[in-house]
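Chemist: Pasting in a structure now, in structure tokens, and then I'll have a few things to ask.
The values are calculated or read from the model by the stated rules, or taken from the named source; none is laboratory data. Model, not experiment: these values are computed from the prediction. Reconstructed Cβ throughout: ideal geometry from the backbone, glycine too, with neighbour counts over all protein chains shown. Ligands, DNA and RNA are stripped out before the accessible areas are found, and what is left, the full protein with its side chains, is counted by its heavy atoms. Shrake-Rupley method; radii C 1.70, N 1.55, O 1.52, S 1.80 Å.
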Amino acid sequence: MNSKPYVREVSKTTWFLSHPRYKRYMAREVTCIFIFAYTFLLIVALARLSQGEEAFNAFVQALRSPLGVLFNVAALIAAVYHSMSWFDVTPQAMPIQMGEEFVAGNIIVNAHYGAWAVVSLIILFWGM
Amino acid sequence: MSELQKRQIQLEVLRYNPETDTAPRYQTYSVPCLEEWVVLDALNYIKDHLDPTLSYRWSCHMAVCGSCGMMVNGEPKLACKAFIHEYKEGQIKVEPIANFPIERDLVTSVEDFITKLASVKPYLIPKEDKPVSAGEFKQTPAELKKFKQYTLCINCMLCYAACPQYALVPEFLGPAAISMAHRYNQDSRDGGRDQRQEVIASDEGVWECSFVGACSEVCPKHVDPAGALQQVKVASTIDWYKEHLMPWMKK
Amino acid sequence: MEIIKTDVAIIGAGGAGLRAAIALAEADPKLRIALISKVYPMRSHTCAAEGGAAGVIKSDDSLDLHFNDTVGGGDWLSDQDAVEYFINEAPKELTQLEHWGCPWSREPDGSVAVRPFGGMKIKRTWFAADKSGFHILHTLFQTSLKYPSIQRFDEYYATDLLVDDGRCQGLTALEIRSGEMKQFQAGAVIIAAGGGGKMFPFTTNGNIKTGDGMALAYRAGTPLKDMEFVQYHPTGLPNNGILLTEGCRGEGGILLNKDGRRYLQDYGMGPETPVGQPVLKTMELGPRDRLSQAFWGEQQKGNTVKTPWGDCVLLDMRHLGEKKIDERLPLVRDLCISYLGKDPVKEPIPIRPVVHYMMGGIHTDIQAATRLPGLFAAGECACVSINGANRLGSNSLTELLVFGRRAALSAIAHLQSHQVPSSDAALAAKAKASQNRIQALFDKSNGTESIAGLRQEMMDTMEANVGIYRTGEGLAAACEKIAELRQRYANIALTDKTHVYNTDLMQALELGSMLDCAEAVTVGARDRKESRGAHQRLDFTARDDENLLKHSLAHYHPTEPPRIEYLDVVITKSKPGVRDYSGAKK
């Protein structure tokens, strides 16, 4: 047998640098870290709350520090990016067929943005 | 109409012959291309006029047989649909389709894909028995449209070349095979989903997919395998909940 | 040399080969089936067929009507017993394909939809948008995966049939991946390897359509039939010959000359029908031979549009509207935009006739059997003949199925008495001879002829002399030239002398096949001194039923031109008549 197939190795660590679409994918995945970190922050908040008013106030004070604000802004941007990247692909994952035709993708995407806005507004008003 | 435009293109082609090479190398050919040509035309020019030893697969020259998938400037493309006029710089790098072993020059081994495609039972498993003499199964245009898009796969494997998950985990069933299973699962005439599910929902099946979406970006037939795989995940998740939370729902 | 023992070996894994394999597997799961193809099955050229497959299914249609359309369309050169069998089986085969999952386009009530096609009096062409062949091929390939008894040998190039004791008992094939020769011992062999349109430079045919199957049988001593009948499809993209389906006209597209006139009315296919309301069997829905000939007429009159790719006429589909074009002709739109930069929704598409299909092929009877016992053939490589002198669009996809299955059943019958090889030693010796023939190409160091060069000369000869209209003078010159090229072929040089995926070698072997077939075409055409269907002679303009209502059979000779024998056409119920595609009487 003369055949001797040559296998091109793929780097396990730097593969995503080879194409912009892989970098975009990694960016989407990396935003998870902020969402994870923010979830962790909420758990800390709960722990502080259970330790009494003083502890919780100190925690809130820490959040108001420049570093705390910076983290919150970063987490917000990451969460928004992450959500948007998923909203954009919902028509692929959840196509809706009405009669013969499929509902246009932008309607499904916009419905998600609409629902997001409504929920945000409710929380905003309910919170105030 | 004006005369057809001609331009000299430098084609940098990966060469590998297992009988004479230990590793791939690159060879550059200068090809007088018509602007309306595709990369495949340039390769045919090389084969006929410059170097008969260059090997590659091709047949239909109309993007339907799926033979000529290659990496063109790093992008998975059908060579018969990679237009010269899109490469303004005049430099085109042609390599065999990524993620498959190179047999020779631009020819890769595709056995892995064929085996995977066969493993998902990509054929109709009829819901009901009906002899041919009783005529066709009825299927409305809406029922047809539900899966039609996934029938358009030409098995060119560009999606596998684009999929980093397949590159890192070669056991992954991959986009085209799972999309084809989804195609039959969605067919109103089919009742074989349970039989396919074992392979599809396995560890090497749909759950290896992390929805990079590259497969759908490179698909020359707009099959949208990424969409198919997410739909399979949704359906499999619903299965799991039904089985574990609502066992009485099971047939 | 490795010996692979099998019951039935099938050469070619396109529509006909796959259909045969499935029929064998279904008939007897114990049968060992070797499906041998030079490409992976889904690369076979069946995938490029667009328009659809004909079969009587609707209540306004009848088997007789399909029969009359086919026989008249073939200019009475079809064998009518074969046509009758074909037409009876057609609806069953198409329904069978539906049961295997083929995504046929549908009517609102869920039944299979049919579309109008050229030369057909009733709408009877089943279609899957404009990718019918593609869907048929993939449905068959995927269905074939159900059967473990179908053993595939993908990318094996068949080099010779093994004939001993007066019957075909197998073949030799090169495993392209390794360059190794294998011997297949088989009780029966089915050739389903497609046509050879690549002997022409401007063709809808894919690179693989090099007449290998025809040449295999021909060289093994069984004749090729009606090879002079080569179909030009009237609507090809002018720059690369990409096919625009007849469905374009079936859906209502019209053909215009440079003055915007629907010129078909000037060629016996008038009067003009209303735009957007196609009338069956007239004007744009005339048969392919007549339409291609009308183009030639317009070219002579100077009525064609000049383009950088030569003379063209225009295919105008704008009045169909974007929605219908996207639903019924999505591939056509994509091909026009991608390869020509023109959108049929917005502008007329320049087109010209292009070599599309060979009516001729390996001579078989109605059972798909050749004259060589143990050898069967089906599909474009075979000539039963149902297509006569001109095939109607959408009959060939159905033919693949009907005669693919038929060949399988005949092969099974043959196996009853011929399962055991006559002599292992004799077969081994023949296999060795085949191997030596290939080895000689490697060993030869003094070859002077280039493969691409000879191929180009062959194509130029065929294009110049064996086109839509032919002359005695041109055909004589073509015969001489092809004979010369066959001689020079003995002096070809391989540049590539390695073994793995040696496509230089493949091209050399394919060129050999094409030259053999091209000679059968040219000699058959030179000797047929009449005009019938796709074979039109400027020096013999009339059909000559008295002398030439006959099939031609070309018998191979290794160094001389073929000997031509004539065989009566089977006429059962339709006496030769006038082909009338005028709309006047309708």
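Chemist: Say we join alpha carbon atoms closer than 10 Å with springs in a Gaussian network model of chain A; which of A:Ala27, A:Ala79, A:Ala55 then has the biggest fluctuation?
Modeler: A:Ala55
Chemist: Tally Lys and Arg at +1 and Asp and Glu at -1 over the other residues with C-beta under 14 Å from the C-beta of C:Val355: what net charge comes out? Display every interim value, and only then the final one.
Modeler: Values: positive: C:Lys198, C:Lys209, C:Arg288, C:Arg352, C:Arg391, C:Arg470; negative: C:Glu228, C:Asp289, C:Glu380, C:Asp460, C:Glu463.
Local charge sum for C:Val355: +1.
Chemist: Separate question: Got a sec? Charge dipole of chain B, +1 on Cβ for Lys and Arg, -1 for Asp and Glu; which of B:Pro76, B:Met180, B:Ala162 is way out at the positive end?
Modeler: Of the options given, the answer is B:Met180.
Chemist: Still on this structure, I have one more. Please average, across the residues of C:97-109, the number of beta carbons from any other chain that are within 10 Å of each residue's own beta carbon, and give a whole number.
Modeler: On the way: counts 2, 7, 11, 4, 13, 3, 10, 3, 3, 9, 3, 4, 3.
Partner-chain Cβ atoms within 10 Å, mean over residues of C:97-109: 6.
Chemist: Among C:Leu63, C:Gly276, A:Gly99, whose Cα lies farthest out toward the positive end of the dipole of the protein assembly as shown, if unit charges sit on the beta carbon of Lys, Arg (+1) and Asp, Glu (-1)?
Modeler: Ranked along the dipole, the leading option is A:Gly99.
Chemist: In square angstrom, what is the accessible area per residue of the stretch C:136-249 with a 1.4 angstrom probe? Intermediate values should be presented prior to the final figure.
Modeler: On the way: 1840 Å² over 114 residues.
On a per-residue basis, 16 Å².
Chemist: Would you work out which of C:Gln536, C:Gln435, C:Ala464 lies farthest towards the positive end of the dipole of the stretch C:431-548? Charges go on Cβ: Lys and Arg +1, Asp and Glu -1.
Modeler: Value: C:Gln435.
Chemist: Between the chain alone and the structure with every protein chain in place, find the residues of the stretch C:32-50 that drop at least 50 Å² of accessible area; heavy atoms, 1.4 Å probe.
Modeler: C:Tyr40, C:Arg43
Chemist: Please give the total accessible area that chains A and B bury against each other, computed with a 1.4 Å probe and expressed in Å² to the nearest 100. Before the final figure, lay out the partial values.
Modeler: On the way: alone 10690 and 13680 Å², together 21700 Å².
That pair hides around 2700 Å² of surface in total.
Chemist: Charges at C-beta only: +1 for Lys and Arg, -1 for Asp and Glu. How large is the resulting dipole of chain C about its Cα centre, in Debye rounded to 20?
Modeler: Working: 67 positive and 72 negative charges, 112 e Å.
My answer is approximately 540 debye.
Chemist: Mind checking which lysines have their Cα closer than 27 Å to the Cα of B:Lys47? Skip sequence neighbours fewer than 8 apart in that chain.
Modeler: The qualifying lysines are A:Lys4, B:Lys6, B:Lys77, B:Lys81, B:Lys88, B:Lys93, C:Lys38, C:Lys198, C:Lys209, C:Lys444, C:Lys481, C:Lys497.
Chemist: Same structure again: Quantify, in whole percent, the carbon and sulfur part of the accessible surface of the stretch B:64-110 (1.4 Å probe; protein heavy atoms only). If you can, show how the numbers build up before the last one.
Modeler: Details: 580 of 1200 Å².
On the stretch B:64-110, the fraction of accessible area on carbon and sulfur atoms equals 49 percent.
Chemist: If one takes the accessible area of chain C alone plus chain B alone and subtracts that of the pair, with a 1.4 Å probe, what total in Å², rounded to the nearest 100, results? Intermediate values should be presented prior to the final figure.
Modeler: Values: alone 20480 and 13680 Å², together 28750 Å².
Chains C and B together bury approximately 5400 Å².
Chemist: Can you tell me the orientation of helix C:15-27 relative to chain C, as the angle in degrees between its alpha-carbon axis and the longest Cα principal axis, to the nearest 10?
Modeler: It works out to around 60 degrees.
Chemist: Cα axis of helix A:20-50 to longest principal axis of chain A: angle in degrees, 0 to 90, nearest 10?
Modeler: 30
Chemist: Relative contact order (percent) for the stretch C:403-509, with alpha-carbon contacts under 8 angstrom and 6 or more residues of separation? Intermediate values should be presented prior to the final figure.
Modeler: Working: 52 pairs, mean separation 30.6, N = 107.
This gives 29 percent for the stretch C:403-509.
Chemist: To make sure I understand the rule: partners must be aspartates and glutamates, Cα under 14 Å from the Cα of C:Lys121, and not fewer than 8 residues away in the same chain. Which ones qualify?
Modeler: Within reach: C:Asp60, C:Asp61, C:Asp64, C:Asp69, C:Glu284, C:Asp580.
Chemist: Where does chain C land at 222 nm, in deg cm²/dmol rounded to the nearest 500, when only DSSP H runs of n ≥ 4 count, each adding -39500 (n - 2.57), divided by all residues? Before the final figure, lay out the partial values.
Modeler: Numbers: 15 runs with 208 residues, N = 586.
That comes out to -11500 deg cm²/dmol.
Chemist: Nothing charged except the Cβ atoms of Lys and Arg (+1) and of Asp and Glu (-1): what's the magnitude of the dipole of the stretch C:235-356 about its Cα centre? Round to the nearest 20 debye.
Modeler: On the way: 17 positive and 16 negative charges, 23 e Å.
The calculated dipole for the stretch C:235-356 is roughly 100 debye.
Chemist: Something else: Among B:132-143, C:216-227, A:105-116, C:262-273, how do they line up from the highest to the lowest mean number of other beta-carbon atoms within 10 Å?
Modeler: My ranking of the peptides, most packed first, is C:216-227, C:262-273, B:132-143, A:105-116.
Chemist: Tally Lys/Arg at +1 and Asp/Glu at -1 over every other residue whose Cβ is under 11 Å from the Cβ of C:Gln265; what's the total?
Modeler: -1
Chemist: Determine the relative contact order of chain B: mean sequence separation of Cα pairs under 8 Å and six or more apart, normalised by residue count, in whole percent. Display every interim value, and only then the final one.
Modeler: On the way: 418 pairs, mean separation 41.3, N = 251.
Relative CO of chain B lands at 16 percent.
Chemist: Here's another thing I want to ask about it. Helix C:132-144: angle to the longest alpha-carbon principal axis of chain C, degrees 0 to 90, nearest 10?
Modeler: Result, in degrees: 30.
Chemist: Here is a follow-up. Count, for each residue of C:205-211, the Cβ atoms from other chains sitting within 10 Å of its Cβ, then give me the mean as a whole number. Each step should come with its number before you reach the end.
Modeler: Values: counts 3, 8, 10, 6, 2, 0, 0.
Whole-number average of other-chain Cβ neighbours for C:205-211 is 4.
Chemist: Which residues of the stretch C:130-160 bury at least 40 Å² of accessible area once all protein chains are present, versus their chain alone (1.4 Å probe)?
Modeler: C:Phe134, C:His135, C:Gln142, C:Leu145, C:Lys146
Chemist: Let me ask something else. Hey, with R₀ at 25 Å, roughly what FRET efficiency would C:Ala428 and C:Gln151 work out to, going by the Cβ-Cβ distance, to 0.05? Show your work: numbers first, answer last.
Modeler: Working: r = 21 Å, r/R0 = 0.86.
The calculated FRET efficiency here is 0.70.
Chemist: A follow-up question, please. Averaged per residue, what accessible surface does chain B expose to a 1.4 Å probe, in Å²? Present the calculation step by step, with values, prior to reporting the outcome.
Modeler: Details: 9730 Å² over 251 residues.
With all protein chains present, chain B gives 39 Å² per residue.
Chemist: With an 8 Å cut-off on Cα pairs and a minimum separation of 6 or more residues, tell me the relative contact order of chain C in percent.
Modeler: Values: 1405 pairs, mean separation 129.0, N = 586.
For chain C, the relative contact order is 22 percent.
Chemist: Which aspartates and glutamates have a Cα less than 15 Å from the Cα of B:Lys130, not counting those fewer than 8 places away in the same chain?
Modeler: The reachable aspartates and glutamates, counting only those whose Cα sits under 15 Å from B:Lys130, are B:Asp190, C:Glu93, C:Glu98.
Chemist: Counting only protein heavy atoms and a 1.4 Å probe, tell me what percentage of chain C's accessible area is made up of carbon and sulfur. If you can, show how the numbers build up before the last one.
Modeler: Numbers: 8710 of 17620 Å².
Answer for chain C is 49 percent, counting heavy atoms of protein chains only.
Chemist: What whole-number distance in Å separates the alpha-carbon centres of the stretch C:36-73 and the stretch A:18-78?
Modeler: The stretch C:36-73 and the stretch A:18-78 have Cα centres separated by 65 Å.
Chemist: Roughly how crowded by other chains is peptide B:222-230, in terms of the mean Cβ count from those chains within 10 Å of each of its Cβ atoms?
Modeler: Values: counts 1, 0, 3, 1, 3, 7, 3, 2, 6.
Counting other chains' Cβ atoms within 10 Å and averaging over B:222-230 gives 3.
Chemist: So, one more: Could you order the peptides C:310-320, C:144-154 from most to least packed, using the average number of other C-beta atoms within 10 Å per residue? Show your work: numbers first, answer last.
Modeler: Values: C:310-320: 20.0, C:144-154: 17.6.
In decreasing order of mean packing, C:310-320, C:144-154 become C:310-320, C:144-154.
Chemist: Pop out the carbon and sulfur fraction of the accessible area of the stretch B:111-249 as a percent, whole number, probe 1.4 Å. Walk me through the intermediate numbers first.
Modeler: Details: 3070 of 5530 Å².
For the stretch B:111-249, the apolar C and S fraction of the accessible surface comes to 56 percent.
Chemist: Moving to a separate point now. So how far apart, in nm, are the two label points at C:Ala584 and B:Lys130 if each is 7 Å from Cα heading toward Cβ?
Modeler: Spacing of the two 7 Å Cα→Cβ label points: 4.7 nm.
Chemist: Based on the alpha-carbon gyration tensor of chain A and its eigenvalue square roots a ≥ b ≥ c, which shape applies: rounded if a/c is under 1.5, prolate if not and a/b is larger than b/c, or oblate? Walk me through the numbers before you get to the answer.
Modeler: On the way: a/c = 3.31, a/b = 1.41, b/c = 2.35.
Oblate shape, in that a/c is at least 1.5 and b/c is the bigger or equal ratio.
Chemist: Based on Cβ point charges of +1 for Lys and Arg and -1 for Asp and Glu, what charge dipole magnitude is obtained for the stretch B:6-108 about its Cα centre, in debye rounded to the nearest 20?
Modeler: On the way: 11 positive and 14 negative charges, 19 e Å.
For the stretch B:6-108, the charge dipole is close to 100 debye.
Chemist: Using a Förster distance of 45 Å, how high is the FRET efficiency between A:Arg64 and B:Tyr26, based on the Cβ-Cβ distance and rounded to 0.05? All intermediate terms of the calculation are to be shown ahead of the outcome.
Modeler: On the way: r = 59 Å, r/R0 = 1.31.
The calculated FRET efficiency here is 0.15.
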